[in-house]
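**Student:** Structure incoming, see below.
The numbers here are math on the coordinates, done by the rules we state, and not lab data. Note that the structure is predicted; figures quoted are calculated from it, not measured. Positions of Cβ are backbone-derived with ideal geometry, glycine not excepted, and every protein chain shown enters the neighbour counts.
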């Protein structure tokens, strides 16, 4: 019973095996990819391991506080930012091994030529809440 | 809506396993009966505040049974239903403690994963709603519903009353207790309630050991965190906040268990907790005896985490150098190894090394409260060094 975050990167991850960007896929390849992602989420819902998943817009802004009484400052987007998150999925599973197994499956989503992308997904454990402190 | 003032929640939920066992005994299949009981429970929440029943248990059985009949009516098993309908027994003594115990075994069946066993136990034995369980574990309600229905399918071939495995029941309750608070549900309190119920039905000393362990830890709950959620180490806890009634009960339960002379890991853990609870101040803690109990625990479990805790206890009993020597024998990739090392170096007066280790330990912490605690320790030591240096 631990939550893990799968992070999918637009940029910043090591290169995938099938490293053809989505804007060069055929409509059928895109369809197959989307279907795979939906089926994957449905299977996790069915197994009672799904928490949430979201895709993120590629472009955002940087925001910071600029002093009392002043509006926040915004900046960017910066095209040169090396690391860019495309989306995430949160799962709740019994073990780290299960999280890795699932991330492996997600990474096999089909891309160009209908072949698995083999993209690198980042798997990050959640910090948990209260536990018995060691005393 | 739910009106806790009007319905004694714990009392209502105490009745749930017995009601479910009664339905199963009358011939209902576990999965459908469990759904029917859950719906009766929700109905009780809605109606009891206005129309409290004379006989709560009878009301639940009747309502759940009717619901069960409805649920099976549309099924192909019409023939079976009619038979059940005809066979409805007269009210009377319909369930026994054995049936309730059998439910504990079923819900923590060894074929279930830990998270499935926890979810099924909280619902079918604990009488929590799927929504409450989902909130407690911070997952969507639909996810928790699926987890529960899959768990029910997984045990559908297991006959109620087949010999069960008490160890998986205890482990399941231990997991619930460890989760502490989640959402509005007091999971630790729920684990205490279920362990009490289980202990009343069995005479296994490890069940008593687990109950004692829960009681002794639960007694210290108010002192363990500050209002802002930050951790208070045992040595700094305000002992006047400790629940003396729970400590007394825990010690009684433990002593009765220990006289049976069938030691197990929960009794040993409870004995350590009892020695802490017994000390008027941190200075009066009997660390020598605590180390002896850790030796027992090591012999029982051979767990690296237990060895780590033992090393810290050795540091208290025989001095930090002895603790560091015990620590040096362990794998330094263990969770909390660096935190233990930081603490022992601090005790040994090596502030520079301790500060560095606390910073590293904070980066490895698995909970937010622990990380904040270790970060704060490092900051305090750094400031101390700056002020004196």
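**Student:** Bins of 20 Å, beginning at zero and ending with the bin holding the largest distance: percent of Cα pairs per bin for the protein assembly as shown, please.
**Tutor:** Per 20 Å bin, starting at zero, the Cα-Cα P(r) for the protein assembly as shown comes out as 18, 45, 32, 6, 0 percent.
**Student:** Once label points are set 7 Å from the Cα along Cα→Cβ at both residue A:118 and residue B:202, what is their separation, rounded to one decimal in nm?
**Tutor:** 5.0
**Student:** Per q in 0.07 1/Å, what log10 I(q)/I(0) does a Debye calculation on the alpha-carbon atoms of chain B return?
**Tutor:** Results for chain B at q = 0.07 Å⁻¹ read -0.40.
**Student:** Which of A:34, A:91, A:117 ends up with the largest GNM mean-square fluctuation for chain A, with Cα atoms connected below 10 Å?
**Tutor:** A:34
**Student:** Roughly how crowded by other chains is peptide B:7-14, in terms of the mean Cβ count from those chains within 10 Å of each of its Cβ atoms?
**Tutor:** Per-residue shielding by partner chains comes out at 0.
**Student:** Pairs of Cα atoms under 8 Å, at least six residues apart: use those to get the relative contact order of the stretch B:276-389, whole percent.
**Tutor:** Dividing the mean separation by the residue count of the stretch B:276-389 yields 16 percent.
**Student:** Using a simple spin-label model with points 7 Å from Cα along the Cα→Cβ vector, what separation in nm is obtained for residue B:73 and residue B:186?
**Tutor:** So the label points at residue B:73 and residue B:186 sit 4.0 nm apart.
**Student:** Quick check: the angle from helix B:205-218's long axis to the longest principal axis of chain B, C-alpha only, nearest 10 degrees?
**Tutor:** Helix B:205-218 sits at roughly 70 degrees to that axis.
**Student:** May I ask you to derive the FRET efficiency for residue A:126 and residue B:50 from their Cβ-Cβ distance with R0 = 41 Å, giving the value to the nearest 0.05?
**Tutor:** Efficiency computed from Cβ-Cβ geometry: 0.45.
**Student:** A further question follows. In a GNM of chain A with a 10 Å cut-off on Cα contacts, which of A:68, A:13, A:109 has the highest mean-square fluctuation?
**Tutor:** Per the Cα network of chain A with a 10 Å cutoff, A:68 tops the list.
**Student:** How tilted is helix B:287-301 with respect to the longest principal axis of chain B? Cα atoms for both, answer in degrees (0 to 90, nearest 10).
**Tutor:** Helix B:287-301 and the main axis of chain B meet at about 50 degrees.
**Student:** Right, next: Return the average number of partner chain Cβ atoms within 10 angstrom of each residue Cβ along peptide B:145-152.
**Tutor:** 3
**Student:** Residues of A:41-54, mean number of Cβ from any other protein chain within 10 Å of their own Cβ, rounded to a whole number?
**Tutor:** Rounded to a whole number, the mean comes out at 4.
**Student:** If you don't mind, another one. Based on the Cβ-Cβ distance from residue A:39 to residue B:238, what FRET efficiency comes out when R0 is 60 Å, to the nearest 0.05?
**Tutor:** 0.65
**Student:** Fully extended, how many nm does the chain gain between residue B:245 and residue B:43 (0.36 nm per residue separation, minus their Cα-Cα distance)?
**Tutor:** Stretched out fully, the residue B:245 to residue B:43 stretch lengthens by 69.2 nm.
**Student:** Another one. How high is the relative contact order of chain A, given as a whole-number percent (alpha carbon pairs under 8 Å, six or more residues apart)?
**Tutor:** After rounding, I find 48 percent.
**Student:** Would you give the gap between the C-alpha center of the stretch A:31-73 and the C-alpha center of the stretch B:277-332, rounded to a whole Å?
**Tutor:** The distance from the Cα centre of the stretch A:31-73 to that of the stretch B:277-332 comes to 45 Å.
**Student:** Another one. May I ask you to derive the relative contact order of chain B, considering only C-alpha pairs under 8 Å and at least 6 residues apart, and to give it as an integer percent?
**Tutor:** Relative contact order here is 10 percent.
**Student:** Over all distinct Cα pairs, what is the inverse of the mean 1/r for the stretch A:47-102, reported as the Kirkwood hydrodynamic radius in Å?
**Tutor:** 14.7
**Student:** Now for a separate question. Simple spin-label model, 7 Å along Cα-to-Cβ: residue B:299 to residue B:255 in nm?
**Tutor:** Using points 7 Å along Cα→Cβ, the separation is 2.3 nm.
**Student:** Taking the Cα atoms only, what angle lies between the long axis of helix B:78-87 and the longest principal axis of chain B, rounded to 10 degrees?
**Tutor:** Roughly 90 degrees between the two axes.
**Student:** Let me ask something else about it. Note the per residue figure in Å³ for the convex hull of the C-alpha positions in the stretch B:304-389.
**Tutor:** 82
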